[in-house]
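Any read-out appearing in this document is the output of simple, stated calculations on the displayed coordinates, not a laboratory observation. Given the structure is predicted, the values throughout are model-derived calculations rather than measurements. As a convention, Cβ positions derive from the backbone with ideal geometry for all residues, glycine included, and neighbour counts pool all protein chains shown.
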Amino acid sequence: MTNQLIHESSPYLLQHAHNPVHWYPWCDAAFERAEKEHKPVLVSIGYSACHWCHVMEKESFEDINVAAYMNENFICIKVDREERPDVDHLYMDALQVLSGQGGWPLNMFVTPGRKPFYGGTYFPPQRAYQRASWMEVLEAIHLTWTQKPEDIVHQSDQLVAHLHQLSLTESVQEGLGEEPEYDKMVLDNIMAQADRAWGGFGAAPKFPQTMTIQFLLEHYYFTDSEQALKQALVSIDGLLNGGIYDQLGGGLARYATDNEWLVPHFEKMLYDNALFVQVLSDAYKITKEERYKKAIAATLDFCINELSQNQSGIGFYAALDADSEGEEGKYYTWDYAEIKAVIPELHPALLEYWDITPEGNWEGVTILNKNNISTSFLERHHLTSDAWEIILEDARQHLLQRRQQRVRPLLDHKILLSWNALLCTALVKAASALDCSRYLQLAKENIAWMLDTFLNDGKLYRSYDGEKVKFAASLEDYAYLIKAILVYSSAGIDHAYLSIAKELYANVVDHFGDEQQLFFYFSHQDQKDIIVRKIETYDGALPSVNAVMAENSIILAKWYEDEEMEHRGASMLQAMQAKAMRYPTSFAYWAACIQRYARFNTLSVLGTSVSGDIAPFQTGFHPHVVLMATNKPEEFPVFQGKGLNEETQFYLCTKYACLPSEKNPGNILSKIKQK
């Protein structure tokens, strides 16, 4: 028995293709049938690595009696939120308005006109956890639909009107993060939510919040705030030491269910690891700590070996599931007896280092972690650092070999443009931090591959299933791709993709711009299957797409000396600075961009041997400086009027003026460091 999902390529939708529920994908045909039969529509949204999505499928969607009731009284649609983030955003906003809740699976009941009127997340098969059962929800919706349809019409109309009002209405304010107290107020508001013991922000469940960490690292650079640096590094170290980070194979899980980062939700997402590598690269540039260098390499190795096509490092899959053999975390956890069988001569130091005990640290098994390691660890075990590294690597390899014999979690093999662009940016930043040409070459090859794969006849697409692309690109795809190109273009003298970035930006302005010509809608103006076009401004698991577009506007404008483009980006930052100050953990990428732009510099470097001369700038940490280097000054407007000599020339410019050219890179570095 199959349903309409059998024709889809998304692993999440295919997981539901054999349910007795008559699922449709998101399509006009489903809503047309609902209109014809006068039935409400269930839009059930999830993703392949979602544990509770699997639980609800097994408990309810595979139940023949439940499915029969759903099929008789509803038109049922399944949506992969990663393929259609626009659909997910719309109905997640509706759910948060209705209940203040959020999460997945997201089950939203909507009219045949796609207007939401009731929703929730996970519903159990029997009443539990202070939640109604799924059948109770279905019966109540059916009863109201048939007996009080006017209530549903009224509720849905009011809700949609409210969703329209949620789009941004901020006005541009004077000044931009230049008030003496602005930076301090942002920091104080972040620290009010900071977990100073374990790192991170807020109480469990705890997410990496890498955008907030990035702000703190940059804030330290600009202000020498030891408090900011300490919280950033405590957070990074907490992530690296906890069970949320795979201590054997590398890679970060999506979030932790506890304050100590011990127990993760075990799914591993490409975007989390891309963003983590970016802040690890910044942390390494600042501290030169070896643990961050190793973590960069381990995390990228995980992405390349487990998430890329044919382990090539070109084209990265979306995620690894949390479950294997129907059990959450089974692939990653260890029984004490199994560890002893794999490593009979188990050194006592390993037991302490990875928190291994006979009783385990989670539901009778062990999640490997380094949460309790002290500075006297090696001394207590009478080990030199070299001897310990040998013991640790030998044990890691033995456990990895045993783990590889287990049933692996499901791989979500769709390839998403926006997440690949984030990974590309991570590769460039890692290349810069570690002075690694291999990572920079991979970034170049990935940009070429993304453009070749996702850009067809001038139209950009979002998802690739290994054979074909599908779904029009969202603002997320455009914003992150443009940024990846800009970051790569500042990494050397290869500017082959900048003209494409400019064309993509023009496309965004033409088709995503709002009525004020300030912010950008998440979806294309020609997209008609979304009843509310949304302007996204907050950071979720990903950086705010409008904040990234503001940053793109400013940097791209510098290459092309386009004042109108820069003005738009600056105006976006001005409009958001009050929110970024009051709620910096929700608007951290805005706060970081505002902080940078208040001190913004460009460094134009021209010379016949410029590649070698820019190395000191690449490996250093200068978040407010955009490097523009070339041996072909005719390439871009920014280089016009600057002659090419055998001796390299450095031109440092602030937002308002350019300093005299320099030939000594040391002098330029000292001026940059004056901030």
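Tabulated data for the structure shown
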| read-out | value |
| --- | --- |
| Positive-end residue, segment 355-503 charge dipole about Cα centroid, Cβ charges, pick of L481, Y464, A395 | Y464 |
| Using θ = phi - 60° and Karplus 6.51 cos²θ - 1.76 cosθ + 1.60, couplings along segment 482-497 (whole Hz; Gly, Pro as x) | 4, 4, 4, 5, 5, 5, 4, 5, 8, 8, x, 10, 8, 10, 5, 9 |
| Given charges at beta-carbon only (K, R positive; D, E negative), |dipole| of the chain in Debye | 600 debye |
| Reduced Cα scattering model of segment 455-602, Debye log10 I(q)/I(0), q = 0.12 Å⁻¹ | -0.50 |
| Rounded to whole Hz, the Karplus (6.51, -1.76, 1.60) HN-Hα couplings of segment 520-529, x for glycine and proline | 10, 6, 6, 10, 5, 5, 8, 7, 9, 9 |
| Set of aspartates and glutamates with alpha-carbon distance to K148 below 18 Å, sequence-local pairs under 8 removed | E35, E37, E136, E139, D157 |
| Simple Cβ-charge dipole of segment 332-405, Lys/Arg +1 and Asp/Glu -1, about Cα centre, in debye nearest 20 | 120 debye |
| Extended-chain gain in nm, criterion 0.36 nm per residue less alpha-carbon gap, Q405 and D151 | 85.8 nm |
| Chain lengthening between E561 and L644 when straightened (0.36 nm per residue, less Cα-Cα) | 28.0 nm |
| Tail fraction, Cα-Cα pairs, segment 602-673, threshold 19 Å, whole percent | 25 percent |
| Antiparallel bridges, percent of DSSP beta bridges restricted to segment 602-673 (to nearest 5) | 60 percent |
| Cysteines without a disulfide-compatible neighbour (Cβ-Cβ under 4.7 Å), the chain | C27, C76, C303, C424, C436, C593 |
| Global geometry of segment 4-165, whether rounded, prolate or oblate, following the gyration tensor of its Cα atoms and the 1.5 cut on a/c | rounded |
| Aspartates and glutamates whose Cα lies under 19 Å from that of K293, excluding same-chain neighbours fewer than 8 positions away | E218, D237, D246, D272, D282, D301, D386, E389, E393, D435 |
| Environment charge at M269 (Cβ cut-off 10 Å; Lys +1, Arg +1, Asp -1, Glu -1) | -2 |
| Additional length obtainable on full extension of the chain from A29 to N631, 0.36 nm per residue less Cα span | 211.1 nm |
| Pairwise label distance in nanometres, E345 with K58, each label 7 Å out on the Cα-Cβ vector | 4.1 nm |
| Å³ per residue enclosed by the Cα convex hull of segment 524-600 | 109 Å³ |
| Gyration tensor verdict on the chain (Cα atoms; rounded if a/c is under 1.5, prolate if a/b is larger than b/c, oblate otherwise) | oblate |
| FRET efficiency, 1/(1 + (r/R0)^6) with R0 45 Å, evaluated for A472 and K184 via beta carbons | 0.55 |
| Other-chain or far-sequence residues with amide H under 5 Å of R131's (modelled H) | none |
| The chain - share of DSSP beta bridges that are antiparallel (%, nearest 5) | 75 percent |
| Relative contact order (%) - criterion: Cα under 8 Å, at least six apart; region: the chain | 11 percent |
| Cβ-based charge dipole, segment 505-582, positive-most Cα from Q517, Y538, M572 | Y538 |
